[in-house]
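The structure appears right after this line, and notes come after that.
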Amino acid sequence: MDKSLKYILDKIKDNNLIHYKKLNKNLMKLNADYFKRAELFLSKYQHILADNNLNLDYAIDSYLKMIASFNYETIRFIETGKYSNTSFEDVNKNVYNNPEVMEYHMHGLLLSQFLWTHHYKILVYFNKVLQKYNGKINNYLEIGGGHGLYVCEAMQIIENLSSIDLVDISKTSIEMAEKMIGNDKVNYILTDIFDYNPNKKYDFITMGEVLEHVEEPIELLKKVASLLSENGVLFITTPTNAPSIDHIYLFKNADEIREVIDKANLEVVSEISQYSEDVTEEIAEKFKITMMYGATLLSK
């Protein structure tokens, strides 16, 4: 195990033993490729932190703070069966336009890409999808680019990109993505995707964990589909039963996600689903365990 990863796990162990046991158990089941990728990521991430007068302790503290907020939201979710937020306006005010909250939340989510096995496996799936369509992508768009990791992956895989655009509603996310990506070929657009009307179409659009952040995911998918080129591909991820400080729309299972996709006049080409816990599907459904769903979509 890379010393940086061990350092992170040890720090988590000191602060949240139960969470550490879960992470350690799940990560030890992954193969050597995971540990190699995690080492490369953490090396790059620490350089970015250092360039901004931060260190790994700051990132770990952000992650633990995010976990604390997740735990609070989970308790409310278990009690009510609903997410705390129902209004995009409130979330936009309290989270996306709140730099203090967004800063720790984004750093926490960035670490989760390599600490949560379901997040990591979705990232691996994303890479495989890009490899499949490599050579057919000239214009690339990412919606809700967040911390910028997925754009970094896309730029390493896709050859001969003529344009790379990233749209996000949060200034804090845009700034973090710029630091993470570190490439002036990327165009960063600070706007609501519903207000984004470019003079071009995209061959590939990535929209990771955005559907759950809006009140009407069908309308969002229709808007995004309108930005695709004739044979354009849309890659999405969204979770079920995942209470968070900025989640609005509750998907209870994969079928509900597929129904929304169908109503948006899109079809699933390939898909993946990963639970956050190593349990049977029966147990996961009974206890509303979070599941991450990913899919490659085409217009019908």
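The values are calculated or read from the model by the stated rules, or taken from the named source; none is laboratory data. Computed from a predicted model, the values in this text were never measured in an experiment. Note: ideal-geometry Cβ built from the backbone for every residue, glycine included; neighbour counts use all protein chains shown. Only protein heavy atoms, including side chains, enter the accessible area calculation; ligands, DNA and RNA are left aside. Shrake-Rupley method; radii C 1.70, N 1.55, O 1.52, S 1.80 Å.
A few points about this structure:
- Where a label projected 7 Å from the Cα of K136 along Cα→Cβ would reach, residues of segment 167-207 with amide N under 12 Å: 203-204
- Solvent-accessible area of K93 with every protein chain in place, 1.4 Å probe, in Å² to the nearest 10: 150
- Hz values of 3J(HN,Hα) by residue in segment 249-260 - Karplus curve (6.51, -1.76, 1.60), Gly and Pro given as x: 8, 8, 9, 8, 7, 5, 4, 5, 5, 4, 5, 5
- Fluctuation leader among V214, V233, V269 - the chain, Gaussian network, Cα springs under 10 angstrom: V269
- For the options A50, A154, A242, a Gaussian network treatment of the chain with springs between C-alpha atoms closer than 10 Å singles out A50 as fluctuating the most.
- Residues with amide H under 5 Å from that of S229, placed H, sequence gap 5 or more: Y202, D203
- For segment 76-143, GluC sites (Glu not before Pro) meeting the loop criterion (DSSP other than H, G, I, E, B) and having at most 11 other Cβ atoms within 10 Å: none.
- Theoretical FRET efficiency, 1/(1+(r/R0)^6), r = Cβ-Cβ of S299 and L40, R0 45 Å, to 0.05: 0.80
- When only Cα pairs below 8 angstrom with a gap of at least 6 residues are kept, the chain shows a relative contact order of 17 percent.
- Only protein atoms count toward the accessible area here, which uses a 1.4 Å probe; on the chain, the carbon and sulfur part of that area reaches 47 percent.
- Helix content alone sets the calculated 222 nm mean residue ellipticity of the chain: runs of n ≥ 4 DSSP H residues at -39500 (n - 2.57) each, divided across all residues, give -16000 deg cm²/dmol.
- When Rg and the Kirkwood Rh are both derived from Cα coordinates, the Rg/Rh ratio for the chain amounts to 0.93.
- Nonlocal Lys pairs with alpha-carbon distance under 23 Å, segment 154-300 (8 or more apart, or different chains): 21
- Maximal additional length on extending the K252-L161 stretch stands at 29.1 nm, based on 0.36 nm per residue less the C-alpha distance.
- For segment 213-258, the extents of the C-alpha atoms along the principal axes are 36, 19, 13 Å, listed from largest to smallest.
- Rounded to 5, percent antiparallel among DSSP beta bridges of the chain: 45
- Backbone phi angles across segment 289-299, fed through the Karplus curve with coefficients 6.51, -1.76 and 1.60 (θ = phi - 60°), yield HN-Hα couplings of 6, 4, 10, 9, 10, x, 8, 9, 10, 10, 5 Hz in residue order; Gly and Pro are listed as x.
- Extension gain for the segment N53 to M1, taken as residue separation times 0.36 nm less the Cα-Cα distance, is 16.1 nm to one decimal.
- Computed from backbone phi with θ = phi - 60° and the Karplus coefficients 6.51, -1.76 and 1.60, the 3J(HN,Hα) list for segment 70-81 is 4, 4, 4, 5, 5, 4, 5, 5, 5, 6, 10, x Hz; x is used for glycine and proline.
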